[in-house]
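S.K.: The structure's right below; bear with me while I get my questions together.
The values are calculated or read from the model by the stated rules, or taken from the named source; none is laboratory data. None of these values were measured; they are calculated from a predicted model. So basically every Cβ, Gly included, is an ideal-geometry build from the backbone, and we count neighbours across all protein chains shown. The protein model used for the area step is the full one, side chains on, heavy atoms only, and it has no ligands, DNA or RNA in it. Shrake-Rupley method; radii C 1.70, N 1.55, O 1.52, S 1.80 Å.
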Amino acid sequence: MANIKSAKKRILVTATKTARNKSIKSAVKTSIKKVEAAVDAKNKEEAKAALTNAISTISKAAKKGVYHKNNAARKVSRLTKLVNEIA
């Protein structure tokens with residue numbers, strides 16, 4: 001355990017930020033799974049609705065610095081491609 005006051009504070013701040021990032025990443029993964037589930041069920045309307053929600057969630061995560069902007073763009077692109085391939 002740290003002895004210096006600033007080091008103790010850094011430990012607390014890091015724990016807070018880690019919990020926030022974990023929560024945001026979890027939300028992104030959940031929204032991606034909802035899109036993939038709708039695509040697997042071949043339900044285009046539900047997939048489009050889930051895609052809109054997923055894009056919003058991913059964009060917010062990128063804006064907050066949880067994901068790099070290119071990583072977020074890649075995730076959005078792959079999901080969009082999946083939805084567009086539904087017959």
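S.K.: Out of the residues in segment 1-46 that are open to solvent by 70 Å² or more (accessible area, probe 1.4 Å) and of a type in the set (Ser, Thr, Tyr), which is nearest to Ala72 (Cα to Cα)?
M.R.: The residue in question is Ser23.
S.K.: Same structure, new question: Look at Leu51 and say whether it is surrounded by 19 or more Cβ atoms within 10 Å (Cβ to Cβ) and either assigned to a helix (DSSP H, G or I) or not hydrophobic (A, V, I, L, M, F, W, C) (or both).
M.R.: On the way: surrounded by 19 or more Cβ atoms within 10 Å (Cβ to Cβ): yes; either assigned to a helix (DSSP H, G or I) or not hydrophobic (A, V, I, L, M, F, W, C) (or both): yes.
So Leu51 fits the description; yes.
S.K.: Being within 17 Å of Ala27 (Cα to Cα) and charged (D, E, K, R) is the filter here, so list the residues in segment 41-68 that pass it.
M.R.: Of everything in segment 41-68, those that are within 17 Å of Ala27 (Cα to Cα) and charged (D, E, K, R) turn out to be Lys60, Lys63, Lys64.
S.K.: Filtering segment 57-87 down to residues that are charged (D, E, K, R) and assigned to a helix (DSSP H, G or I), which residue is least open to solvent (accessible area, probe 1.4 Å)?
M.R.: Taking segment 57-87 first, the residues charged (D, E, K, R) are 60, 63-64, 69, 74-75, 78, 81, 85.
Checking the rest, the ones that are also assigned to a helix (DSSP H, G or I) come to 60, 63, 69, 74-75, 78, 81.
On the way: Lys60: 114, Lys63: 169, Lys69: 151, Arg74: 110, Lys75: 54, Arg78: 156, Lys81: 128 Å².
That would be Lys75.
S.K.: Here is a further query. Given Ala7, Ala41, Ala47, Ala15, which one is touching a residue at least 12 places away in the same chain (Cβ under 8 Å) and among the hydrophobic types (A, V, I, L, M, F, W, C)? Quick ask: steps written out before the conclusion?
M.R.: Working: Ala7 fails: touching a residue at least 12 places away in the same chain (Cβ under 8 Å); Ala41 fails: touching a residue at least 12 places away in the same chain (Cβ under 8 Å); Ala15 fails: touching a residue at least 12 places away in the same chain (Cβ under 8 Å).
Going through Ala7, Ala41, Ala47, Ala15 in turn, just one is touching a residue at least 12 places away in the same chain (Cβ under 8 Å) and among the hydrophobic types (A, V, I, L, M, F, W, C): Ala47.
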